[in-house]
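Below: the structure, in structure tokens.
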Amino acid sequence: MLLSTLSFAFMNAMVKYLISYPTMQIVFFRAIGSLAITFGYLKILKIPQWGNQKKLLILRSIVGVISMILFFWGVHYISVGSAVTLRYISPIFAGILAVLYLKETIKPVQWFLFIMAFFGVYLIKSFDASNSSFGVFLVLLAAFFSAIVYILISKIGKGDDPLVVVHYFMLVATIVGGVGSFFYWVTPSAKDLLLLSSLGIFGFFGQLFMTKAFQNAEAHMVAPFKYIEVVFTLLFGVFILFETYDFFHLLGTFLVIFSLVLNVLYKSRLNKRIKKTTE
């Protein structure tokens, strides 16, 4: 999981470094690199690339691409550490959507943790002058669409191989990013071309290492470690991008991550109790 968070953090820092390029062009490079790798994996493993639940796979991909575009766009306006922290609000949105559409229940403790997380968002926005309201709005909207992705993935379930799900996502993102950047293409320098190409590679291996971590350990043991991505991203932001974070920003980040980790642990404990009562 640490390798996964490090891969994602590096990708996030590179996106921020490359913000002089149009958002759709960054989406294109992020997607096409991963698409090439997933296509190769599917061929080697002889997994049918078009899957079984085509409508759900396409819908998941479209929603995922919207989230990616909004996130990369938002990074233009706020620090990368803020963007990654705010994106992690998505599990809260997913929980609320699960109540509305999957008829799940949220305990009072979880509502308290959600409020704590949003108070952290308030601190990040209100006490950091470098974070524009528009940028915060874009990233929170990206988090909302990520929450919809979680719901769609739960509906896909085990009906399709995870590689097929990622393959669809990267294919749709490549098409959308390619078409969207056609009229606004900026020819990158050799160095920037290398960095743009690395986005897809680090994004893919971030996904791969995360999947491996969840396959080899219990979810409640692994999930909290994914939030280390925020720490790595903050460090990259400071030492590579020369971003600065004040006390209230760091406090807000802590509240968001702390509340989300507690929610993961609480849900795990709750699920164990339910499992015991049904055995």
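Filter the stretch 94-105 down to residues that are within 18 Å of Ser146 (Cβ to Cβ) and not small (Gly, Ala, Ser) and give me whichever is surrounded by the fewest Cβ atoms within 10 Å (Cβ to Cβ).
Top of the filtered list is Leu100.
For the stretch 198-234, what are the residues that are exposed (fewer than 15 other Cβ atoms within 10 Å of the Cβ) and either among the acidic types (Asp, Glu) or modelled with pLDDT of 90 or more (or both)?
Listed by number, the list holds a single entry, Glu218.
In this structure, is Leu123 surrounded by 16 or more Cβ atoms within 10 Å (Cβ to Cβ), more than 30 Å from Phe204 (Cβ to Cβ) and modelled with pLDDT under 90? Can you show your working first?
Working: surrounded by 16 or more Cβ atoms within 10 Å (Cβ to Cβ): yes; more than 30 Å from Phe204 (Cβ to Cβ): yes; modelled with pLDDT under 90: yes.
For Leu123, the condition - surrounded by 16 or more Cβ atoms within 10 Å (Cβ to Cβ), more than 30 Å from Phe204 (Cβ to Cβ) and modelled with pLDDT under 90 - is met.
Among the residues of the stretch 38-56, are any under 20 Å from Met14 (Cα atoms) and assigned to a helix (DSSP H, G or I)?
Kept after step one, since they are under 20 Å from Met14 (Cα atoms), are these residues of the stretch 38-56: none.
Scanning the stretch 38-56 turns up no residue that is under 20 Å from Met14 (Cα atoms) and assigned to a helix (DSSP H, G or I).
From the list Val139, Val176, Val186, Val109, exactly one residue is part of a helix (DSSP H, G or I) and surrounded by fewer than 17 Cβ atoms within 10 Å (Cβ to Cβ). Which is it? Show your work before the answer.
Working: Val139 fails: surrounded by fewer than 17 Cβ atoms within 10 Å (Cβ to Cβ); Val176 fails: surrounded by fewer than 17 Cβ atoms within 10 Å (Cβ to Cβ); Val186 fails: part of a helix (DSSP H, G or I).
When all the criteria are applied, what remains is Val109.
May I ask you to verify whether Ser61 is hydroxyl-bearing (Ser, Thr, Tyr), in contact with a Leu (Cβ under 8 Å, 6 or more places away or on another chain), assigned to a helix (DSSP H, G or I) and in contact (Cβ under 8 Å) with a residue 40 or more places away in the chain?
Numbers: hydroxyl-bearing (Ser, Thr, Tyr): yes; in contact with a Leu (Cβ under 8 Å, 6 or more places away or on another chain): yes; assigned to a helix (DSSP H, G or I): yes; in contact (Cβ under 8 Å) with a residue 40 or more places away in the chain: yes.
Judged against the criteria, Ser61 is a match.
The values are calculated or read from the model by the stated rules, or taken from the named source; none is laboratory data. Computed from a predicted model, the values in this text were never measured in an experiment. A quick note on method: Cβ atoms are made from the backbone with ideal geometry, for glycine too, and the neighbour counts reach across all protein chains shown.
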